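We did not get these values from a lab; they are worked out from the coordinates using the rules stated. From a predicted model like this one, the values you see are computed outputs, not experimental measurements. Neighbour counts are summed over all protein chains in view; Cβ atoms, including those assigned to glycine, are modelled from backbone coordinates with ideal geometry.
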Protein chains: 2
Amino acid sequence: MNSNKWDVIVVGAGFAGLKAALELKESGKQVLVLEARDRVGGRCKAGEICGNTIDLGGQWVGPNQHLLLEQARAVQVETYPQYTQGENLLYLNHKLSRYRGDLPRLPILSLLELGLLEQRWKRQIKSLNTHKPWLGKKAQRWDSQSIESWLKSNVFTDATREFVRIITRALLCAEPNQVSYLCLLEYMRQGQGLESLINTRGGAQQDKFVGGAWQIPYRMSQQLNDCIVLNSPVRGITQNDTGVEVSTTEHTYTCQHVIVATPPGLATKIHYAPKLPSQKWGLLQRMPMGAVIKVHVAYEKPFWRSKGLTGAVVSDSHHFNILFDQSPDDESVGLLVGFLDGAHAIEMSAWSEKDRKTQITQDLVDYFGRDAANPIAYVDQDWTQEEWSLGGYVAHMPPGVMSQFGDALREPVGRLHWAGTETAQQWCGYFDGALESGIRAAKEVLQAQQ
Amino acid sequence: MNSNKWDVIVVGAGFAGLKAALELKESGKQVLVLEARDRVGGRCKAGEICGNTIDLGGQWVGPNQHLLLEQARAVQVETYPQYTQGENLLYLNHKLSRYRGDLPRLPILSLLELGLLEQRWKRQIKSLNTHKPWLGKKAQRWDSQSIESWLKSNVFTDATREFVRIITRALLCAEPNQVSYLCLLEYMRQGQGLESLINTRGGAQQDKFVGGAWQIPYRMSQQLNDCIVLNSPVRGITQNDTGVEVSTTEHTYTCQHVIVATPPGLATKIHYAPKLPSQKWGLLQRMPMGAVIKVHVAYEKPFWRSKGLTGAVVSDSHHFNILFDQSPDDESVGLLVGFLDGAHAIEMSAWSEKDRKTQITQDLVDYFGRDAANPIAYVDQDWTQEEWSLGGYVAHMPPGVMSQFGDALREPVGRLHWAGTETAQQWCGYFDGALESGIRAAKEVLQAQQ
């Protein structure tokens, strides 16, 4: 294989890399995909609990994620709706309450403020430059603040502040004092607004994939099977006027163009010759991944359903503070799925799985009562310990990074092109954005090779 | 060498690693130092202009940097004072003015505010917990803000705001919207206050080393010469109950303990087994290096001296905005040394050296007049392109990082110990802090091996 010349080498076999490779293959290019792991899919990963296949990574799809829906159709993976019958639970300020729909019951003043905040966000998002969101005086000011410091001077009721903190953790798996306020605005713009991001019906959690989202990259990879080399972390990329050499520990491959389709932090582990421009290099070092542990808990039955509950919970005070019903339609088992995010994920990553299970069971008893005390199975996936993801769901930008380094996000460097959900222009942080980035990078390369 | 068993392996031969190795060797330990580069010294590096030896990296020493002074004495490197005879130049708000001493002439209101700010900083710094500066409600609030957003709500005159921005860039080589305000306070605490950090006389720029600071690590390394292996980037560190394996591309070495004495970002390039705790791993990914290009410009004579100028300049509007006289005492040549820092460094790293020289010469003409138009030599050192430093002078923490990840900074992980100026408790960011961290890490290992 060493002596082969490829048209394009793609680094990383997540959604972005696989999509780029498929697009290029369809255009008749010779493509090689090098993947560090022993599997494809990146932040999409299969698991199992009580005989049920589950997604240990991303799993939902919203009605406006057209690229993901289209890709799923193309590989014959069907969708079904997230269970939403009944009421959701809200645990706020040490009180448990029920609510319907997507916005929890807050004190009336907070609800008013939240309504105003949503209007304000819509206006701010609309004002963003689509391609360079950091341009403009206001954007510069927003980028100089963390979400937390923005909150302190712009939101005044405790419950609304807490709600925004919960949203930040739920969307970015990072603490609100670590993320640029402009980064949050741009994230909401890309996801078509707050409601589109956080809603179940009509939003990004509306549907799931029958059999699991992990089947999509898996089937995409089958269409590429002779072009993917697993267990091959890329160590070096050397380019000159005539082509590119890509080296792993064991092999060196040559090609015309490379698409780096990894998270930003992983792209810093590659040795580039010549060196990357300092703006690009600096950007890659300034986009840390969020921290998340995805948790599945199984019960004999989805007992919450008979109590008129959807199984969905939001809390401001527990470790296990965002969860959803994940039970199969035949109710052969009761399944809850949820997340430890941000600081909770970092904290509980250091615990034993047993201690995590104990804590999470306690949290579930707080929400659902004694029925939740005896789970029959527990599976968690700690993304903070995944060497080839560095965390999840997505890399964020701390204050000031987008303004100074944003220009370098998608800009090709000679024969190197950049993909990955962090480089998307719609649905950054989602598989949909990853697909978009793969399509865009493939287009760039096709143009360059015309 | 492969089959040897070492007591301790030190990763990185900068000031921190060399000092740790010397301490351990003096205590009778078998030590091996693995260095990625083909030289020792890290962010301390020799250069040459017009036949004069110069420091392309750190070079100054202050009277309170006792460890560095002591180390210099131990290897017989002497100090001499930074030239300060005459007046400094200030280019603020498009106007050039002269001032004496360390504080520039600002408008009277700004000077008043700056005075108040210094008092306020002294109080805030005094209030910091020495070992865990992020503890306490105020510290949490400070950590949730960038320096820029803190400025916006706490400093009201333009000149004082601009002065703080200049200070941030000068100290941390980062833009004020990228750095936690708490990080700045802790940095000032470690450097014994603002004046101690920015002053020449009595401060961190008081003295230079005869022949260059680079001689210090070089001579330290001579005392260790058979224990240092150059050109050996460490790829993997595997520890278990009985010891540690450290592997480079070509060799695997075994030992009892490891001291990782690299900048945080470089420590993320090593594969650890078992994996590092997520808090430590997360921290290493969240401490980007500042960006700096160090510039030397030579003239026939130090013409500014005869005009009553020290050669020192501070500007808020030029690329080359912090500079000092670097001429040899015999005035055989006129030398200016200065920095492109933060955004300027990233921007100008993409320029050709010729374009940088042209721009810098223009800046110097703005400061010194036509006498500055024809330099006889130009040398710059772009630290943003140094693969084994990732930038300079020091890694900083964006908002929210210290609060959540600070605990992991110095905490050993099994048989791994951590050194490097970023882990110092006094003079973080300076060679003095690097030495302190090396001494501390060596102590930890000696205790563990008792």
### Message
If I stretch the segment between B:Q362 and B:E250 completely, what's the gain in nm (0.36 nm per residue apart, minus their alpha carbon distance), one decimal?
### Response
35.5 nm
#### Entry: When each of A:K45/A:K122; A:K152/B:K275; A:K19/A:K294; A:K138/A:K294; A:K132/A:K443 is checked by Cα-Cα distance, pairs over 27 Å
A:K45/A:K122; A:K152/B:K275; A:K138/A:K294
### Task
State the Cα centre-to-centre distance between segment A:275-344 and segment A:395-436 in whole Å.
24
### Query
Angle, helix A:108-127 long axis vs. longest principal axis of chain A, Cα atoms, 0 to 90°, nearest 10?
20
### Query
Can you pull the mean other chain C-beta count within 10 Å for peptide A:140-148?
6
### Message
Run the helix sum for chain A: -39,500 (n - 2.57) per DSSP H stretch of 4+ residues, divided by residue count, reported at 222 nm to the nearest 500 deg cm²/dmol.
### Response
-10000 deg cm²/dmol
### Message
For peptide B:389-398, what's the mean number of Cβ atoms from other chains within 10 Å of each residue's Cβ?
### Response
2
### Query
How many Cβ atoms of partner chains, on average, are near each residue of B:280-287 if near means within 10 Å of its Cβ?
5
#### Entry: Crossing angle, helix B:158-172 versus chain B [Cα axis fit, 0-90 degrees, rounded to tens]
40
### Message
Treating the point 7 Å from Cα along Cα-beta-carbon as the label, what are the nm separations from B:G236 to the other copies, to one decimal?
### Response
1.9
### Summary
Longest principal axis of chain B (C-alpha) makes with the long axis of helix B:181-190 (C-alpha) an angle, in degrees to the nearest 10, of 80
### Message
Quick check: pseudo-label points 7 Å beyond the Cα along Cα→Cβ at B:Q140 and B:K95, how many nm apart are they?
### Response
4.5
### Message
How far, in whole Å, is the closest Cβ of chain B from the axis that maps B onto A, and which residue does it belong to?
### Response
B:P398, 2
### Query
Distances from A:K132 to the same residue in each other copy, label points 7 Å out along Cα→Cβ, in nm, shortest first?
4.5
### Task
With r as the distance between the Cβ atoms of B:E387 and A:Q30 and R0 = 35 Å, compute the FRET efficiency 1/(1 + (r/R0)^6) and round to 0.05.
0.65
### Query
Of the listed peptides B:248-255, A:39-46, B:197-204, what is their order by residue-averaged count of other C-beta atoms within 10 Å, with the highest listed first?
A:39-46, B:197-204, B:248-255
### Task
Could you pull the copy-to-copy label distances for B:E48, with points set 7 Å along Cα to Cβ, in nm to one decimal and sorted shortest first?
6.7
### Message
What distance in nm separates the two pseudo spin-label positions at B:Q85 and A:Q450, each 7 Å out from Cα along the beta-carbon direction?
### Response
6.7
### Task
Report, for the protein assembly as shown, the % of DSSP beta bridges that are antiparallel, rounded to 5.
70
### Query
What is the local net charge at A:P398, summed over the other residues whose Cβ is closer than 13 Å to its Cβ (Lys, Arg +1; Asp, Glu -1)?
-4
### Pair B:K132, B:D371: separation of 7 Å Cα→Cβ label points (nm)
5.6
## Note on the structure
If one builds a Gaussian network model of chain A from Cα atoms under 10 Å apart, the most fluctuating residue listed among A:A74, A:A139, A:A170 is A:A74
